[in-house]
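One structure is given here, and the rest of the page talks about it.
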There are 2 protein chains.
Amino acid sequence: MADVNVSPAQRAADPPAPPQARSIEGAPAAPLVDIIELLFFAYRNFVSDPDEILARYGFGRAHHRVLHFVHRHPGMRVTDLLDILRITKQSLGRVLRELVDQGFIDSRAGSSDRRQRLLYLTPKGEALARDFIALQSARIERALAECAGPDGRMADAKANARRFLVSMIDAEDRGPIEKLIARAESAADPARAALLRPPARPRGAG
Amino acid sequence: MADVNVSPAQRAADPPAPPQARSIEGAPAAPLVDIIELLFFAYRNFVSDPDEILARYGFGRAHHRVLHFVHRHPGMRVTDLLDILRITKQSLGRVLRELVDQGFIDSRAGSSDRRQRLLYLTPKGEALARDFIALQSARIERALAECAGPDGRMADAKANARRFLVSMIDAEDRGPIEKLIARAESAADPARAALLRPPARPRGAG
DNA sequence: ACATTTACGTCAGCCATGTTGACTTTTTTC
DNA sequence: GAAAAAAGTCAACATGGCTGACGTAAATGT
C-alpha cells in the first residue's frame with residue numbers, strides 16, 4: 001500500500017467537522033466500522049494474490065473463479081457454475097469460451113443427459129488452479145499462524161475464522177454453501193456425491 | 001442463494017475425475033480451501049448489502065466506497081482518497097463528480113493550501129453513509145453474536161475476527177491501515193490527527 | 001524572479017466484466 | 001408430439017477499472 005494516510009494538513013483549521021456518527025436511534029453504529037474496513041482491505045489483498053499469474057495468460061478474476069470451481073467440482077454442469085457464481089449465462093459464456101479455447105477447460109457432453117456440458121480441467125488447468133489455491137492458502141495459513149501465536153493452536157484459530165465467515169453469510173445460503181464445500185472435498189468419493197438437488201431422477205436416458 | 005448445488009447427475013458415470021489435489025511438494029494445500037471459498041461467499045454477501053439503496057440513487061459500489069471514506073475522514077484530500085482506494089485519478093474523478101453534482105459531497109478548497117480540494121459529506125451524504133454502515137454493521141453484529149454464543153463474550157468474538165482480518169492484510173500495509181482506522185475513530189479530536197505523512201510543513205501560505 | 005513540482009481536473013479511448021432481451025439447437029420430459 | 005430444460009449465441013449497453021495527454025492554479029525550491 002503506497003500510502004493509506006490521510007494528510008492531517010489543515011484538519012484543525014478548515015473543517016466544520018461533522019460530529020462523529022454517534023449512536024442514533026439506539027443503534028451501536030460506530031464500533032464495527034473497523035471490521036467493515038478491515039474486511040475491505042483484507043479481501044482486496046486476498047483477491048489480488050493471483051493477479052500477476054492471471055496477467056501472464058491475459059486472464060482476469062472471472063477466469064480465476066471459473067477455474068477454481070471447476071477444479072473443485074470436476075464434471076459440474078454449466079448451470080451449476082451459474083448458480084454458484086450468480087452471473088448470467090452470457091457473462092460466463094465469454095470467460096468459459098476463452099478458457100476452453102486456450103486449453104484450460106475441457107467441456108464434454110454428459111452421457112446420461114446429452115444436453116449437458118460437463119466441465120473438467122485439463123492438466124494445464126489443474127496446474128493453474130492449484131497455483132492459485134497455493135497462493136491464497138499461504139496467505140491464510142500465515143494469518144492463522146499469527147492468530148494462534150507461537151504456542152499456537154492453529155486448529156482453534158482456523159475454527160474461529162471459519163465460524164465467523166460462515167456467520168457472515170446469509171442464513172439461507174449457509175446450508176447449501178457448507179454442503180457445497182463438503183461435497184467438493186470428498187469429490188474423489190463418488191459415493192458421497194448425492195446430497196442436494198434431488199438427483200435429477202435419471203429417468204429418460206438413464 | 002438460488003442454488004449453490006452441483007448436480008451429482010452423472011458424477012459417478014462420466015468422469016475421469018482428476019485425483020483431488022493432494023499435497024504436492026510438501027504443501028498442505030487442500031485444508032484451507034474452505035476458508036478461501038467462505039471468504040468469497042461471505043464477502044459477496046457483505047458488499048451486496050448496500051446494493052438496493054445504491055440502486056435508488058443510480059450509484060454503484062464505487063460511490064459507496066468514496067462516501068464511506070469521506071464520511072470517516074472529513075476534510076480529506078483527493079490524493080488521500082486515491083491512496084486508500086488505489087485507483088486512478090480519472091476513475092475517482094467520475095464517481096466524485098457525480099457525488100458532488102448530486103449533493104452528497106461538498107468539495108472546498110483548502111485554506112492553507114488552496115490547490116487542495118478537501119472533501120466533506122453534506123447532511124444528505126452523511127445520512128446515506130450512515131445507512132450503509134448500519135446495514136453492514138448489522139450483519140457483522142449478528143455474525144459476532146453467533147460466534148460468541150448465547151452466553152457469549154461478543155468482545156472476544158470481535159477480537160478474534162479482527163485479529164484474523166488484520167493478519168490477512170499484507171504485512172507492510174498493516175501499520176498504515178490500523179493507524180488509518182484509529183485516526184478516523186478519533187476524528188473529532190484534532191489533536192490526535194498528526195500521525196503520519198510528515199505534516200506537509202505548512203510553510204508557504206501558512 | 002523564475003523554474004519546478006504538486007494537486008487537481010478533464011478529454012479521449014480502451015478493457016474486463018457485468019447486465020437485458022431475443023433467438024436457436026439439441027435433448028429430455030410429460 | 002408438445003413442452004421444458006440445457007446450452008450457446010448475437011446485439012446492445014453500463015460500470016468501473018486503465019493509459020496517455022493536457023491544462024491550470026498554487027506552492028516550493030534556487
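The values are calculated or read from the model by the stated rules, or taken from the named source; none is laboratory data. Remember, predicted model here, so these are calculated numbers, not experimental data. Because the Cβ atoms are built from the backbone with ideal geometry, glycine has one as well, and the counts that use them run over all protein chains shown. Surface accessibility is based on the protein's heavy atoms, side chains included, excluding ligands, DNA and RNA. Shrake-Rupley method; radii C 1.70, N 1.55, O 1.52, S 1.80 Å.
Data for the structure
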quantity: Out-of-range pairs (alpha-carbon distance over 28 Å; input A:Lys89/A:Lys158; B:Lys89/B:Lys179; B:Lys89/B:Lys158; A:Lys179/B:Lys179); calculated: A:Lys89/A:Lys158; B:Lys89/B:Lys158; A:Lys179/B:Lys179
quantity: Karplus-derived HN-Hα couplings along segment A:131-136 (A = 6.51, B = -1.76, C = 1.60, θ = phi - 60°), whole Hz, x at Gly and Pro; calculated: 4, 4, 5, 4, 4, 6
quantity: Shortest-first nm distances, B:Ala109 label point to equivalent points in other copies (7 Å, Cα→Cβ); calculated: 7.2
quantity: Derived scalar couplings ³J(HN,Hα) [segment B:62-79; Karplus, 6.51 cos²θ - 1.76 cosθ + 1.60; whole Hz; x for Gly, Pro]; calculated: 4, 5, 4, 4, 4, 4, 4, 6, 5, 4, 7, 10, x, x, 5, 8, 4, 4
quantity: For B:Ile105, distant residues with modelled amide H under 5 Å away; calculated: B:Val100, B:Thr122
quantity: Within 10 Å of each Cβ in B:139-145, the average number of Cβ atoms from other chains; calculated: 6
quantity: FRET efficiency, 1/(1 + (r/R0)^6) with R0 60 Å, evaluated for B:Arg115 and A:Ala127 via beta carbons; calculated: 0.75
quantity: Built amide H within the under 5 Å cut-off of B:Met76, gap 5+; calculated: B:Leu119
quantity: Cβ-Cβ FRET estimate between A:Ala155 and B:Arg153, R0 fixed at 25 Å, reported to 0.05; calculated: 0.80
quantity: Inter-copy spacing of B:Val47 label points, which lie 7 Å from Cα along Cα→Cβ, given in nm from shortest upward; calculated: 0.3
quantity: Tail weight of P(r) past 21 Å, computed on alpha-carbon pairs of segment A:43-187, percent; calculated: 52
quantity: For B:Val78, solvent-accessible area (1.4 Å; no DNA, RNA or ligand), Å²; calculated: 40
quantity: For segment B:28-87, convex hull volume per residue from C-alpha positions, Å³; calculated: 121
quantity: Accessible surface, 1.4 Å probe, highest first, among residues A:Leu82, B:Leu81; calculated: A:Leu82, B:Leu81
quantity: Dipole of segment B:32-191, positive end: most advanced residue of B:Leu128, B:Gly152, B:Leu81 [Cβ charges, Cα centre]; calculated: B:Leu81
